[in-house]
Amino acid sequence: MTQPEKNRPRVLSGMRPTGKLHLGNLVGALQNWVQLQDQYESYYFVADWHMLTTDYADPSELQPNIQEMVTDWLAVGLDPEKATFFVQSRLPEHAELFLLFCMITPLGWLERVPTYKEQLDNLQGRDLHTYGFLGYPVLQAADILMYKADFVPVGEDQVPHVELTREIARRFNLAYGELLLPERPAEYWDAVAAQVGIKHWNDLKLKLIKNPAEKANVIRDHFRASSIDDRANYLNSGVGSVQDIFPEPQSLLAPSPRLRGTDGRKMSKSYGNAIFLSDPPEVVSKKVAGMMTDPARQRRWDKGNPEVCPVFDHHKLFSPPEVVERVNRECRTAEIGCVDCKKLMAEHLNKFLEPIQERRKIYEQAPQMVWDVLEAGTQKARVVARQTMAEVRAAVKLT
Ligand code: SF4
């Protein structure tokens with residue numbers, strides 16, 4: 001099979017299979033993915049190995065969760081005709097690249113990833129003192145670089161991960177990329193040799209050799225035998241360049257309004273405060289009725305501030321502008337009460353969810369369609385992954 005043509009810039013993003021998705025997932029990632037699939041060559045993957053880095057103990061729900069999650073992807077409008085969907089663990093190439101990156105990634109880089117310490121503190125009750133958890137940003141780097149993605153859509157908190165990926169790409173290129181040297185006269189290479197401190201046997205060789213190209217080869221040998229840090233210094237002082245194996249991806253900062261859940265905290269399945277894309281209308285209405293509001297509105301006649309109210313967050317995203325404008329005004333003057341305001345919001349939210357749930361039903365009734373989409377996407381992704389690993393193995397002399 002030939003490598004798919006890369007006509008447009010490529011984006012890659014993944015999601016851990018947590019099961020049914022909620023409104024927070026929709027506004028935080030999926031809506032953006034839907035837009036990107038029209039502009040970029042898009043690869044979206046099920047990050048099932050990533051799931052195991054924090055939840056290795058009980059994988060019994062992994063497969064049903066993948067199915068539910070990808071059903072939601074398709075229901076919100078992600079389109080297999082436009083984007084490629086695949087399952088990470090179906091491509092062992094990711095594990096191989098991860099392993100090779102592990103060889104070159106200094107421990108200190110991982111320990112300083114901000115989310116590492118944060119998650120150790122936040123995810124209480126889970127055993128996160130594992131090599132897999134510390135190393136998951138390296139696995140992310142393998143996921144991204146495997147497809148030589150130009151952009152990675154991320155929220156603010158994920159930017160350090162993309163930065164780490166860039167550092168790993170740079171270090172890998174330095175370690176295994178071919179040194180490219182310009183054509184220069186013999187005296188030039190003698191000057192370079194003095195500059196980079198070539199001594200002993202190589203120094204003697206340089207003096208004996210008169211041909212400039214052969215002198216350049218001595219520099220090349222010296223470069224190969226130097227530490228990664230020294231190589232970086234040589235390149236910085238203009239000795240030459242390395243042929244990149246991996247391009248450095250850029251973060252594509254996604255417009256992702258943070259949606260609060262029914263209890264006012266960030267919407268999250270694990271907090272039990274989420275409204276799911278697949279919740280039937282009566283469940284949505286019940287959840288909305290129990291939502292936290294502006295705590296200053298204790299009584300019907302108390303004036304409120306919609307900006308502190310999670311119900312208003314939802315109005316802004318799912319209600320038409322005239323309703324948003326009305327709630328914004330009438331909450332402040334206590335003309336509208338919270339009960340009516342919530343009913344109004346639930347009504348518009350249910351309207352918004354209706355076409356998503358219609359599409360969802362198609363895949364619920366024929367779940368094999370979801371797996372077929374993943375199988376076709378995985379095969380497509382495999383072509384790219386194999387090509388990349390062939391280049392990588394050749395560079396690391398593993399052929
Ligand atoms: S009226 Fe609406 S926006 Fe204002 S506090 Fe009540 S629920 Fe929130």
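The values are calculated or read from the model by the stated rules, or taken from the named source; none is laboratory data. Keep in mind the model is a prediction, meaning the values are calculated, not measured. Positions of Cβ are generated from backbone atoms using ideal geometry, with glycine treated the same way; all protein chains shown enter the neighbour counts. When the accessible area is computed, the model is the full protein with side chains, heavy atoms only, and any ligands, DNA or RNA have been set aside. Shrake-Rupley method; radii C 1.70, N 1.55, O 1.52, S 1.80 Å.
Based on the alpha-carbon set only, what is the convex hull volume of the range 251-385 divided per residue, in Å³? Present the calculation step by step, with values, prior to reporting the outcome.
Working: hull volume 20.1 nm³, N = 135.
So the per-residue hull volume is 149 Å³.
Listed here are the pairs K20/K380; K316/K351; K20/K266; K20/K148; which of them are more than 23 Å apart at the Cα? Write out the running numbers ahead of the final one.
Values: K20/K380 25 Å; K316/K351 14 Å; K20/K266 17 Å; K20/K148 30 Å.
Beyond 23 Å: K20/K380; K20/K148.
Ignoring ligands, DNA and RNA, what percent of the accessible area of the chain is carbon or sulfur (1.4 Å)?
Carbon and sulfur atoms account for 53 percent of the accessible area of the chain.
Can you tell me the accessible area per residue over the range 360-399, all protein chains present, probe 1.4 angstrom, in square angstrom?
55 Å²
Please state the charge dipole magnitude for the chain, taken about the Cα centre, from unit charges on C-beta atoms (+1 on K and R, -1 on D and E), reported in debye and rounded to the nearest 20. Each step should come with its number before you reach the end.
Details: 49 positive and 53 negative charges, 75 e Å.
Roughly 360 debye, rounded to the nearest 20.
Between V87 and residues 5 or more places away or on another chain, which pairs have amide H atoms under 5 Å apart, with H built 1.01 Å from N, and which residues are they?
V46, T378
Suppose all protein chains stay in the model; what accessible area per residue would a 1.4 Å probe give for the range 123-178, in Å²?
Spelled out: the 1.4 Å probe surface of the range 123-178, per residue, equals 37 Å².
What does the accessible area of L204 come to, in Å² to the nearest 10, when a probe of 1.4 Å is used?
90 Å²
Rounded, prolate or oblate: which one fits the range 94-162, using the alpha carbon gyration tensor with axes a ≥ b ≥ c (rounded when a/c is under 1.5, else prolate when a/b beats b/c, else oblate)?
oblate
Evaluate the range 1-151: find the radius of gyration of its Cα atoms, find its Kirkwood radius, and give the ratio Rg to Rh. Present the calculation step by step, with values, prior to reporting the outcome.
Working: Rg = 16.0 Å, Rh = 16.6 Å.
That ratio equals 0.96.
In a Gaussian network model over the chain where Cα atoms closer than 10 Å are linked, find which of R231, R359, R299 has the largest mean-square fluctuation.
With Cα springs under 10 Å in the chain, the top fluctuation among R231, R359, R299 is at R299.
What does the accessible area of V308 come to, in Å² to the nearest 10, when a probe of 1.4 Å is used?
60 Å²
Given the protein chains as shown and a 1.4 Å probe, how many square angstrom of D294 are accessible, to the nearest 10?
Estimated to the nearest 10 Å², D294 gives 10 Å².
Heavy atoms only, probe 1.4 angstrom, no DNA, RNA or ligands counted: give me R224, R329 ranked by accessible area, highest first.
The ranking, largest first, comes out as R224, R329.
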